[in-house]
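Please read the structure below before turning to the comments.
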Amino acid sequence: MSFAKTNMLVRSLSTSAAAAQMVKPPVQVFGLEGRYASALYSAASKSKALDVVEKELIQFQQSIKSDAKLKEFILNPTLKRSFKADALKTVATKINFSPTTSNLLALLAENGRLQKLEGVINAYKIMMSAHRGEVTCEVITAKPLDAAQKQSLEAALKKFLKGNETLQLTSKVDPALLGGMVVSIGDKYVDMSVASKVKKYTELISAAV
């Protein structure tokens, strides 16, 4: 999608006449979902509704997961685009969604892109996390971390952050690692697991045979 088309998206999502100038999100998300989310971020920024739009999208995302009929309506390819757009505008009005969120839902429906809604929402959430200075970190270990281990790990990881950034730590367990851990923080990735070392040595032995 060209820059001109992205600006057209911004204008479509915005109720402001000054929508032509793009406000770039703090982080780039690639793909069609990323382009819609970027246009949404720009429009929401101009209308000073960044946080409001995020809350509304999360609310709608949860509704799709809990309401089978709504999910079926969103994904049903046989329904006319115009019908879906009008229906979603009506729903958005009833639950008092902001014009920016309402415009996004209608635009996705009109363009036949509602199946991308989940991805657009997730991309926007990534942008908002970066906007707040949050750095996502995932730690995978062979066994669950106890409170002391988690606290020590958080303290070590915070040294990678800049002054205005905050750490958002999630931990997962994967017994296949055997021991050690795999850490990803922002765009950095470190594999300190025993499994990775075993794999490396196995490859070396295989190559030598």
* **Candidates Ala106, Ala130, filtered to the one that is touching a residue at least 12 places away in the same chain (Cβ under 8 Å) and more than 19 Å from the chain's Cα centre (by Cα)** => Ala106
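Hey, among the residues in the range 31-85 that are of a type in the set (Val, Ile, Thr), free of Cβ contacts under 8 Å to residues at least 60 places away in the same chain and in a helix (DSSP H, G or I), which one's surrounded by the fewest Cβ atoms within 10 Å (Cβ to Cβ)?
So in the range 31-85, the residues of a type in the set (Val, Ile, Thr) come out as 52-53, 58, 64, 74, 78.
Pick out the ones that are also free of Cβ contacts under 8 Å to residues at least 60 places away in the same chain and you get 52, 64, 74, 78.
Subset that is in a helix (DSSP H, G or I): 52, 64, 74.
Working: Val52: 15, Ile64: 17, Ile74: 21.
Here the answer is Val52.
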* Asked: Quick one: how many residues across the range 29-58 are aromatic (Phe, Trp, Tyr) and farther than 17 Å from Leu114 by Cβ?
  -> 2
* Structure fact -> Going through (1) in contact (Cβ under 8 Å) with a residue 24 or more places away in the chain; (2) surrounded by fewer than 13 Cβ atoms within 10 Å (Cβ to Cβ); (3) more than 22 Å from Val29 (Cα to Cα) one by one, Gly163 fails only at (1)
* Filter the range 87-103 for residues that are farther than 20 Å from Tyr36 by Cβ and either assigned to a helix (DSSP H, G or I) or within 21 Å of the chain's Cα centre (by Cα) (or both) and give the result. => Thr90, Thr93, Lys94
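List the helices (runs of 4 or more DSSP H) inside the range 112-209, counting only whole elements, that have at least 1 residues being under 30 Å from Lys80 (Cα atoms).
On the way: elements: 117-131, 147-157, 194-208.
Those helices (runs of 4 or more DSSP H) span 117-131.
Could you check the range 166-180 and list, in sequence order, the residues that are in contact with a strand residue (DSSP E or B) (Cβ under 8 Å, 6 or more places away or on another chain) and over 30 Å from Pro26 (Cα atoms)? Full working, then the answer.
From the range 166-180, those in contact with a strand residue (DSSP E or B) (Cβ under 8 Å, 6 or more places away or on another chain) are 166-174, 177, 180; that's our starting set.
Result: Val173, Asp174, Leu177, Gly180.
Read the figures in this text as sums done on the coordinates, not as results from a lab. Because the structure is a prediction, the values reported are computed rather than measured. Note that each Cβ is placed from the backbone with ideal geometry, even for glycine, and that neighbours are counted across all protein chains shown.
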